[in-house]
1. Would you check if there is a residue in segment 379-390 being of a type in the set (A, V, I, L, M), at pLDDT 75 or above and outside any helix (DSSP H, G or I)?
2. Identify, please: which residue in segment 31-86 is over 25 Å from F6 (Cα atoms) and of a type in the set (D, E) and is, among those, nearest to the chain's Cα centre (by Cα)?
3. Mind listing whichever residues of segment 349-370 are open to solvent by 60 Å² or more (accessible area, probe 1.4 Å) and either in contact (Cβ under 8 Å) with a residue 60 or more places away in the chain or among the charged types (D, E, K, R) (or both)?
4. Residue check: is I274 touching a residue at least 12 places away in the same chain (Cβ under 8 Å), part of a helix (DSSP H, G or I) and among the hydrophobic types (A, V, I, L, M, F, W, C)?
5. From the residues in segment 337-348 that are in contact with a helix residue (DSSP H, G or I) (Cβ under 7 Å, 6 or more places away or on another chain) and assigned to a helix (DSSP H, G or I), which one is most open to solvent (accessible area, probe 1.4 Å)?
6. Restricting attention to segment 284-305, does a residue exist that is at pLDDT 85 or above, within 22 Å of E75 (Cβ to Cβ) and open to solvent by 10 Å² or more (accessible area, probe 1.4 Å)?
7. In segment 65-78, what residues are of a type in the set (A, V, I, L, M, F, W, C) and either crowded, with 16+ Cβ neighbours inside 10 Å or at pLDDT below 80 (or both)?
Amino acid sequence: MPWIIFSTPFAVISYFLIWFVPDISQGQVMWYLFFYCIFQTLVTCFHVPYSALTMFISREQSERDSATAYRMTVEVLGTVLGTAIQGQIVGKVGTPCIPDPLWLNIGNTSSVAMEEVNITHDTGSLTDTRNAYMIAAGVIGGIYILCAIVLSVGVRERRESSDLQPEEPVSFFQSLKLVMNYGPYVKLIAGLLFTSLAFMLLEGNFALFCTYTLGLRNEFQNILLAIMLSATLTIPFWQWFLTRFGKKTAVYIGISSATPFLLLIIIMESNLIITYIVAVAAGISVAAAFLLPWSMLPDVIDDFNLQHPDSTGHEAIFFSFYVFFIKFASGVSLGISTLSLDFAGYKTRGCSQPEEVNLTLKILVSAAPVALIILGLLLFKLYPIDEERRRKNKKALQDLRDEENNSSTESDSTELASIV
């Protein structure tokens, strides 16, 4: 809890400064790089302990699965809220695109004069856009603080309630070696890495795809909102599905259900209704990608504790490296997208893009995610903890707790008898 409390104010400040445009002629790249890295570091200081709290809410697998479902529902709802706030505030400020210079040569008229007119017009528009981003950042920062206060006031850290603390502390590197050599965890992370990368490529490039490839420049905020709202509303369904049919089955069906719609968006024409239908369908699969891998992590930790009964207290490492690989996938997604679009000749704020850019966007939102989803599902196939093993682990853990409770009761009785 101290990590959450002390990282919050600095995370909010760094987030606000990400959207601030400094009045400097040089060094803006370093400004944004510095504050973006600081913000990601501070968010990690919040996210890792927040996620790890799931293990200490309850000892029951069903209750932890339910807590994970609630947590992911609220996280996706937060994404919806952020998309709505920033999308609607910034979307109301129309930032003009920059026409292709070839279209500016009219007869003998110099294109330079027309570019000067555009620059003059853009100055006021860019000022309004900067202000809109600052307002959105302030609102989202206020929500961040409010949520952190609710968490810190409403949840108490109860260390004495956990029986997972080791009697003798194990060094970090020894714990890390044990965790990273544990087969089920490695296979789960590998599947998570590729499926997360698939959906991050889709989410990161979908706005550009809607703007340039589909020609829906004024609708992409609402389309993104439809995706995330659909994901929020369908997480309870996937929670019911995994309890009814098992987690591995839910992973296969839930994540693979995105592939036909990812293929459909590149063959359809610029039809707004079809685009919204695809967005809602894609949101259903996004919900599965958000919920299911996180619901499988507590099962891995239970299995690890049974396989290594003398080495406990590694929950933080399990969760922190889970978060690390999600952020690693995010970084890889940004790198692939930026380099691919730059190589294709992407023009920032251009009214139109070369055909190579449209082809690249189709690959980034369709072909590449489909290939990564297939690879991720093949890796999930190797994940060994099925429903039968989960039930055996649950029974074994319950037997261990019963033995501990009986031993504790006998010890207390013996101590009381000796005192008497």
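The values are calculated or read from the model by the stated rules, or taken from the named source; none is laboratory data. Worth saying up front: this structure is predicted, and the values here are computed from it rather than measured. Cβ: placed from backbone, ideal geometry, glycine included. Neighbour counts: every protein chain shown. In case anyone asks, the SASA skips ligands and DNA or RNA and just uses the protein heavy atoms, side chains included. Shrake-Rupley method; radii C 1.70, N 1.55, O 1.52, S 1.80 Å.
1. Yes, the conditions are met somewhere in segment 379-390.
2. Residue satisfying both the conditions and the ranking: D65.
3. Within segment 349-370, R349, S352, E355, E356, K362 qualify.
4. No; evaluated as a whole, the condition is false for this residue.
5. S340
6. Yes, there is a match, as at least one residue in segment 284-305 is at pLDDT 85 or above, within 22 Å of E75 (Cβ to Cβ) and open to solvent by 10 Å² or more (accessible area, probe 1.4 Å).
7. A67, A69, M72, V76, L77
Each row is one residue, and each column tells you yes or no for (1) more than 27 Å from P22 (Cα to Cα); (2) open to solvent by less than 30 Å² (accessible area, probe 1.4 Å); (3) at pLDDT below 85.
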residue	(1), (2), (3)
E63	yes, no, yes
V80	yes, yes, yes
V93	no, no, yes
S111	yes, yes, yes
E115	no, no, yes
A148	yes, yes, no
R158	yes, no, yes
